[in-house]
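Student: The following block contains the structure, expressed as structure tokens.
The values are calculated or read from the model by the stated rules, or taken from the named source; none is laboratory data. Since we're looking at a predicted model, the values are computed, not measured. Virtual Cβ from ideal backbone geometry, glycine too; neighbours counted across all protein chains shown. Areas reflect the complete protein model, heavy atoms only, side chains present, ligands, DNA and RNA absent. Shrake-Rupley method; radii C 1.70, N 1.55, O 1.52, S 1.80 Å.
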Amino acid sequence: MAVDEARADALATDVVHTLKALTSMRQHMPRPADGVEHAAYPLLFTLATEPLRVSALAERVGSDVSTVSRQVSQLLTSGLVQKRPDPDDRRAQLVQLSDSGQALIESTRARRATYFQYLLRDWDADDVDTFGELLARFRASVLDVRAQMATDPQVIHDLTKKEKK
């Protein structure tokens, strides 16, 4: 292991505290729309990059297909997404943002950027860039481990199992 246990423990504690702080601030963060459940927001932002099948969308957001299917139905009803035939398989459907969904994402991103400018108001640009690079690297590590666990759930269990003496 490249990181010793004390450093890993200190970082884990910092990550947990950061997640708790972010969770406590969630109610103040800009949201795309009233009436859209909080868990559906990642779908909108994921669909902003490309249209996807419900199964691929579920995989990207780390949720099960039935949950994402229900959320997509809500987003269809609200007019934020639409379905179209998959050009690779006409029997399948792709979900994509509607024009109003795209406009909503753009305005949400602008409001979110303003919010983060305020949160980081006493940071210099180099620190923000470094933090962004390290955060992206950390996220990639998390996603890599998630992919490993999908193929071999025992891998993390074996790593974290310690004998108490």
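Student: If I build a Gaussian network model for the chain, linking alpha-carbon pairs within less than 10 angstrom, which residue out of F131, F45, F116 has the largest mean-square fluctuation?
Tutor: F131
Student: Rounded to two decimals, what is the ratio between the C-alpha radius of gyration of the stretch 1-70 and 2.2 N^0.38 Å? Let's see the in-between values first.
Tutor: Values: Rg = 16.5 Å, N = 70, 2.2 N^0.38 = 11.1 Å.
Rounded to two decimals, the normalised Rg is 1.49.
Student: For the chain, set up a Gaussian network in which alpha carbons nearer than 10 Å are linked by springs, and say which option among E37, E133, E50 fluctuates the most.
Tutor: E133
Student: Counting Lys and Arg as +1 and Asp and Glu as -1, each charge on the Cβ, what is the dipole of the chain about the Cα centre in debye, to the nearest 20? Provide the component values of the computation, followed by the final result.
Tutor: Working: 22 positive and 24 negative charges, 130 e Å.
Here the size comes out at about 620 debye.
Student: Of (1) 1.26; (2) 1.11; (3) 1.16, which is the value of Cα Rg over 2.2 N^0.38 Å derived from the coordinates here?
Tutor: Here the calculated entry is (1).
Student: Next up: Evaluate E = 1/(1 + (r/R0)^6) for A39 and L19, where r is the Cβ-Cβ distance and R0 equals 22 Å; express this FRET efficiency to the nearest 0.05.
Tutor: Numbers: r = 16 Å, r/R0 = 0.73.
Using R0 = 22 Å, I get an efficiency of 0.85.
Student: If the viscosity is 0.890 mPa s and the temperature 25 °C, what translational diffusion coefficient in µm²/s does Stokes-Einstein give for the stretch 72-165 when Rh comes from Kirkwood over Cα pairs?
Tutor: Details: Rh = 18.0 Å.
D, rounded to a whole number, is 136 µm²/s.
Student: Report the Cα-based extents of the stretch 115-165 along its three principal axes, largest first, to the nearest Å.
Tutor: 45, 31, 19
Student: When only DSSP loop residues count, what trypsin sites (Lys or Arg not before Pro) in the stretch 102-158 have their Cβ near at most 15 other Cβ atoms within 10 Å? Mind dumping the intermediate values first?
Tutor: Details: sites: R109, R111, R112, R121, R137, R139, R146; in loops: R121.
Here the trypsin sites (Lys or Arg not before Pro) that fit, given the DSSP loop and packing criteria, are R121.
Student: Then there's this: Given springs between every Cα pair under 10 Å in a Gaussian network model of the chain, which of P87, P51, P42 has the largest fluctuation?
Tutor: Looking only at P87, P51, P42, the largest GNM fluctuation is found for P87.
Student: Under a 1.4 Å probe, what is the accessible area of the stretch 22-136 per residue, stated in Å²? Don't skip to the end; give the middle numbers.
Tutor: Details: 7300 Å² over 115 residues.
Computed with neighbouring chains in place, this is 63 Å² per residue.
Student: Can you tell me the dipole magnitude for the stretch 106-145 around its Cα centre, using point charges on the Cβ only (Lys, Arg +1; Asp, Glu -1), in Debye to the nearest 20? Present the calculation step by step, with values, prior to reporting the outcome.
Tutor: On the way: 6 positive and 8 negative charges, 67 e Å.
With only Lys, Arg, Asp and Glu charged at Cβ, the dipole is about 320 debye.
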